[in-house]
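All remarks here apply to the structure that follows.
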Protein chains: 2
Amino acid sequence: MLDFPTEDWSAEDLARLRGIYEPLAESVRALVDATIRTEADAETVAAVKAEIDQAVSRLRERQIDGAFGARHTTAGETVAWGNAVVGVRNALAPPVATRRDESGRVSADFHLGAAYEGPPGHVHGGVSALILDHLLGEAASPDRKPRFTGSITVRYLRATPLGAQHVEAVRTRSDGVKTYCTGTISDAGGVTVEAEGVFITPRWLRD
Amino acid sequence: MLDFPTEDWSAEDLARLRGIYEPLAESVRALVDATIRTEADAETVAAVKAEIDQAVSRLRERQIDGAFGARHTTAGETVAWGNAVVGVRNALAPPVATRRDESGRVSADFHLGAAYEGPPGHVHGGVSALILDHLLGEAASPDRKPRFTGSITVRYLRATPLGAQHVEAVRTRSDGVKTYCTGTISDAGGVTVEAEGVFITPRWLRD
């Protein structure tokens, strides 16, 4: 039985496949965290490693070539489950689940734990840049067509403690193939990081 | 037996602990990749998930509170094994293993696979920003004392295919508490992303 339809996915395909693979990625996220924080002894760690290696072999018995890429649904959605920020099958992604309001503002609430650390107890500055780049890119693409980052500037107002985060981004203006966006990351104490970026419409999407 | 000395680590402690925990993180990196790419059926995925959950429980029986933070060695090195870019115990980190030449240039060669994807088959623009932020920060700190990103601008010259990458960064000048750095990411075809940043000496390190 092939679980992956080769045609565009229906809403049922999407829900069925997500139900199979998303819970595994959630468990792997917990494993990433535990791998950083464990103080288990050498024997326990070696035994767990052997189990993980076996699990990898089982999963790899049938796998796609290369990265996940993008699949499409019959409803016109793009499925990017391998994406480093929003991919529900990617244990590196927090994942950030974005929403878009009527004005075009894109936002998300998410949690960053031990795996996103830079300065002790704080979010790595580059992780904030990673997430802002993604949110600004979504804000630049209200038509769901991709626009690629031309440049982004990220300013750090203060260190961001690990924990609950809020991110939001808006499109401020467009000028030909360039779309300008701004965004912020905040915690309970207010904005910690702000960004502005220029996003470029790829040639194959121009007129 | 407590594996983690509470005092500064000797070179022997460092090697022993790395030998225990680094191989586990390497296996978890492979698992992250397989979790994105597998086409295993629902039964196999559920069985693997149950094994992972058990492994997490075993590892969590004894774990540190919160994130890994920084440990120190008797030789004055900082051990940041949980770091999101260079942490050898962090399966989110490629990891990037940096080297510093006599001129102060910091560089690294590393590989980005399916877990770092943004546009299909290509590195997420934010991942490039994450890695450049880290390298510029290291270049800003030749004395191994931390400097924190004030702001960073990242420019994308072209899309970066997943695969082998080279990153390097240099300090260009210092002005009071501000240190300026630049850097690039390249692949076999040349520079794909460039960055410039301002790094700030924290108050507690100022004379």
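The values are calculated or read from the model by the stated rules, or taken from the named source; none is laboratory data. As the structure is a computational prediction, the values presented were derived from the model and not from experiment. For neighbour counting, all protein chains shown are included, and Cβ atoms are generated from backbone atoms with ideal geometry for every residue, glycine included.
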Qualifying strands (runs of 3 or more DSSP E) (wholly inside the range A:121-207; at least 3 residues being modelled with pLDDT of 95 or more, more than 30 Å from residue B:82 (Cα to Cα) and in contact with a strand residue (DSSP E or B) (Cβ under 7 Å, 6 or more places away or on another chain)) | A:163-175, A:178-187
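Given the structure, is residue B:50 more than 7 Å from chain A (Cβ to nearest Cβ) and buried (at least 22 other Cβ atoms within 10 Å of the Cβ)?
On the way: more than 7 Å from chain A (Cβ to nearest Cβ): yes; buried (at least 22 other Cβ atoms within 10 Å of the Cβ): no.
Judged against the criteria, residue B:50 is not a match.
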Sole residue being more than 7 Å from every other protein chain (Cβ to nearest Cβ) and buried (at least 21 other Cβ atoms within 10 Å of the Cβ), chosen from A:112, A:14, A:31, A:59 = A:112
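Consider residue A:117 carefully, then state whether it is in the same structural domain as residue A:187 (by TED's automatic domain parsing) and without any contact (Cβ under 8 Å) to a residue 40 or more places away in the chain. It would help to see each step written out before you state the result.
Numbers: in the same structural domain as residue A:187 (by TED's automatic domain parsing): yes; without any contact (Cβ under 8 Å) to a residue 40 or more places away in the chain: no.
So residue A:117 does not fit the description; no.
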Could you list all residues from the range B:71-117 that are of a type in the set (Val, Ile, Thr) and at pLDDT 95 or above?
-> B:85, B:86, B:88, B:96, B:98, B:106
For the range A:126-136, enumerate the residues that are facing another protein chain (nearest Cβ under 7 Å) and in contact (Cβ under 8 Å) with a residue 60 or more places away in the chain.
-> A:129, A:133
Just one of (1) over 21 Å from residue A:92 (Cα atoms); (2) more than 7 Å from chain A (Cβ to nearest Cβ); (3) not polar (S, T, N, Q) trips up residue B:41, so point out which.
-> (2)
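Mind listing just one residue for me: the one in the range A:34-43 that is among the hydrophobic types (A, V, I, L, M, F, W, C) and more than 13 Å from residue A:114 (Cβ to Cβ) and, of those, surrounded by the most Cβ atoms within 10 Å (Cβ to Cβ)?
The initial filter retains those residues of the range A:34-43 that are among the hydrophobic types (A, V, I, L, M, F, W, C), namely A:34, A:36, A:40, A:42.
Restricting the remaining residues to those that are more than 13 Å from residue A:114 (Cβ to Cβ) gives A:40, A:42.
Working: A:40: 21, A:42: 14.
Taking the candidates together, the pick is A:40.
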List every residue pair whose Cβ atoms lie under 6 Å apart, where the two residues are 6 or more positions apart in sequence or sit on different chains, the first residue falls within the range B:138-157 and is outside the structural domain of residue B:176 (by TED's automatic domain parsing) and free of Cβ contacts under 8 Å to residues at least 40 places away in the same chain, and the second residue, located anywhere, is surrounded by fewer than 19 Cβ atoms within 10 Å (Cβ to Cβ) and small (Gly, Ala, Ser).
-> none
Scan the range A:62-94 for residues that are among the small types (Gly, Ala, Ser), within 8 Å of another protein chain (Cβ to nearest Cβ) and farther than 26 Å from residue A:33 by Cα and report the count.
-> 1
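Take the conditions touching a Gly at 6+ places or on another chain (Cβ under 6 Å) and either charged (D, E, K, R) or in a strand (DSSP E or B) (or both) and apply them to residue B:33. Does it pass?
Working: touching a Gly at 6+ places or on another chain (Cβ under 6 Å): yes; either charged (D, E, K, R) or in a strand (DSSP E or B) (or both): yes.
It is true that residue B:33 is touching a Gly at 6+ places or on another chain (Cβ under 6 Å) and either charged (D, E, K, R) or in a strand (DSSP E or B) (or both).
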Within the range A:139-165, track down each residue that is surrounded by 24 or more Cβ atoms within 10 Å (Cβ to Cβ), more than 7 Å from chain B (Cβ to nearest Cβ) and closer than 25 Å to residue B:119 by Cβ.
-> A:139, A:140, A:147, A:165
Which of (1) more than 23 Å from the chain's Cα centre (by Cα); (2) within 7 Å of chain B (Cβ to nearest Cβ); (3) surrounded by fewer than 20 Cβ atoms within 10 Å (Cβ to Cβ); (4) within 23 Å of residue B:90 (Cβ to Cβ) is the odd one out, the single condition residue A:23 does not satisfy?
-> (1)
When the range B:12-54 is examined, which residues are found to be over 20 Å from residue A:20 (Cα atoms), small (Gly, Ala, Ser) and touching an Asp or Glu at 6+ places or on another chain (Cβ under 9 Å)?
-> B:27
